[in-house]
Amino acid sequence: MTYLTRQQVRSVDQLAISKLQIPSVVLMENAGRNAAQIIRKLIIPEHDIPTTDASIAIICGSGNNGGDGYVIARHLHNYHFNITLYAIKPLNQLTGDAKINALICKNMDLPIIPLESKHHLKASLPTLSQSHIIIDAILGTGFTGSVRSPYDHIINAINDMKFPTIIAIDTPSGFEIDSGTSTNATVNAHHTITFVAPKVGFKQTTAQNYLGHLHVAPIGVPPELITSILQSTQNPDIQP
C-alpha cells in the first residue's frame, strides 16, 4: 500500500495544478463529491441510518479541509439528506476555494450555524448531539503543533457525544499525519475518508484509535503522478 507524507500530499496538489493544469477548485470538487458518495453508499448503510431523513452535521474549519466539507454538504443535500453546516470561521473571512464552496452552500440556502466561540458551541450542542452523523472537516493534513481555541473545545465536545457516527475528512482533526501522534485535542472518528492514499502516520498502531474504519477517495489525479512523487522521494518507508 502507498502511504504519503505531508510534503508528498502538497506535491500531489502542486503538480496536479501546475503540471496537469487541473484547477484547485476542481480537485476540491472531486474530493468532496467522492467523499459524499462513500458516505451515502458505504457508511450510512453500515450504520442503519435512515436514508430519507438522516440528520448530518458538517463542522467546517477555515482552510481547504473546511472547503471539502462545504462540497460534501452540497452533494449530500442533493442526495436528499438533512444537512446543517457549522462554520468555525465567518464566510466573509474565508479565502480561495473554501470561500467559493461556502458561498455556493449559502446561495443554496443550506443552514450555516456560526461556531466561532465557546458560546456558539454551547448553544449548538443540543442539536449537534442529536445528529445521526457528524462530519469533521475542521483541520486537515496541513495541521501541525497544538490545537488552538475554539478548535480544541469543539473537538473535545465531538468526542464526548455518544449518539452520532463521526466521520473525519482526510484525517481526524488534531492528528499529526507524519508522526502518527495525537495532540491536545484529536477527533476519535468511527470512519476516516482520506484522499489519494493513506498517510504515513496512519501506520502507527495507536492511529486506529482515531481513524476508525479507513476509506480512500480519489481526487482525479492519475496514478503516474503519485508514482513520480514517490520515486522522487526515494524513502523506503513510503513506497507502495
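At a glance:
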quantity	calculated
The stretch 196-217 residues that are on the phi > 0 side of the Ramachandran plot and surrounded by 15 or more Cβ atoms within 10 Å (Cβ to Cβ), paired with ones that are β-branched (Val, Ile, Thr) and part of a helix (DSSP H, G or I) (beta carbon under 7 Å, 6 or more apart)	VAL196/VAL12; VAL196/ILE226
Restricting the stretch 71-115 to residues that are hydroxyl-bearing (Ser, Thr, Tyr) and surrounded by fewer than 24 Cβ atoms within 10 Å (Cβ to Cβ), the residue that is farthest from ILE58 (Cα to Cα)	THR95
Residue list for the stretch 145-188, filter: among the aromatic types (Phe, Trp, Tyr) and over 20 Å from CYS60 (Cβ atoms)	PHE163
Number of the condition not met by ILE83 [criteria: (1) free of Cβ contacts under 8 Å to residues at least 12 places away in the same chain; (2) under 19 Å from the mean Cα position of the chain (by Cα)]	(1)
Criterion violated by ILE49 - all others in (1) surrounded by fewer than 16 Cβ atoms within 10 Å (Cβ to Cβ); (2) in contact (Cβ under 8 Å) with a residue 40 or more places away in the chain satisfied	(1)
Test: THR2 is out of contact with any strand residue (DSSP E or B) (no Cβ under 7 Å at 6 or more places or on another chain), outside any helix (DSSP H, G or I) and under 17 Å from PRO164 (Cα atoms)	no
Qualifying positions in the stretch 92-126 - in contact with a strand residue (DSSP E or B) (Cβ under 8 Å, 6 or more places away or on another chain), among the aliphatic types (A, V, I, L, M), over 18 Å from ARG148 (Cβ atoms) and not in a helix (DSSP H, G or I)	LEU110, ILE112, ILE113
Any hit, the stretch 121-137, residues being surrounded by 14 or more Cβ atoms within 10 Å (Cβ to Cβ) and in contact with a Gly (Cβ under 8 Å, 6 or more places away or on another chain)	yes
Residue satisfying condition, being closer than 12 Å to ILE167 by Cβ and assigned to a strand (DSSP E or B), within set ILE38, ILE43, ILE56	ILE56
Selected residue (criterion: farthest from ARG33 (Cα to Cα)) from residues of the stretch 138-160 that are crowded, with 17+ Cβ neighbours inside 10 Å and touching a residue at least 60 places away in the same chain (Cβ under 8 Å)	PRO150
Residue among SER146, SER182, SER173, SER131 that is among the polar types (S, T, N, Q) and touching a Pro at 6+ places or on another chain (Cβ under 6 Å)	SER131
Filter result (within 14 Å of the chain's Cα centre (by Cα) and assigned to a loop (DSSP other than H, G, I, E, B)) within the stretch 129-160	ILE138, LEU139, GLY140, THR141, GLY142, PHE143
Search result, residues across the stretch 86-107 that are hydrophobic (A, V, I, L, M, F, W, C) and either modelled with pLDDT under 95 or closer than 21 Å to LEU27 by Cα (or both)	LEU91, LEU94, ALA98, ILE100, ALA102, LEU103, ILE104, CYS105
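Here's the yes/no breakdown for (1) in contact with a His (Cβ under 6 Å, 6 or more places away or on another chain); (2) more than 21 Å from LEU211 (Cβ to Cβ); (3) of a type in the set (Gly, Ala, Ser):
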{"site": "THR2", "(1), (2), (3)": "no, no, no"}
{"site": "MET28", "(1), (2), (3)": "no, yes, no"}
{"site": "ARG33", "(1), (2), (3)": "yes, yes, no"}
{"site": "LYS41", "(1), (2), (3)": "no, no, no"}
{"site": "THR51", "(1), (2), (3)": "no, yes, no"}
{"site": "ILE56", "(1), (2), (3)": "no, no, no"}
{"site": "ASN64", "(1), (2), (3)": "no, no, no"}
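The values are calculated or read from the model by the stated rules, or taken from the named source; none is laboratory data. Please read all numbers here as calculations on a predicted model, not as lab measurements. Using ideal geometry, Cβ is built from the backbone for each residue, glycine included, and neighbour counts are taken over all protein chains shown.
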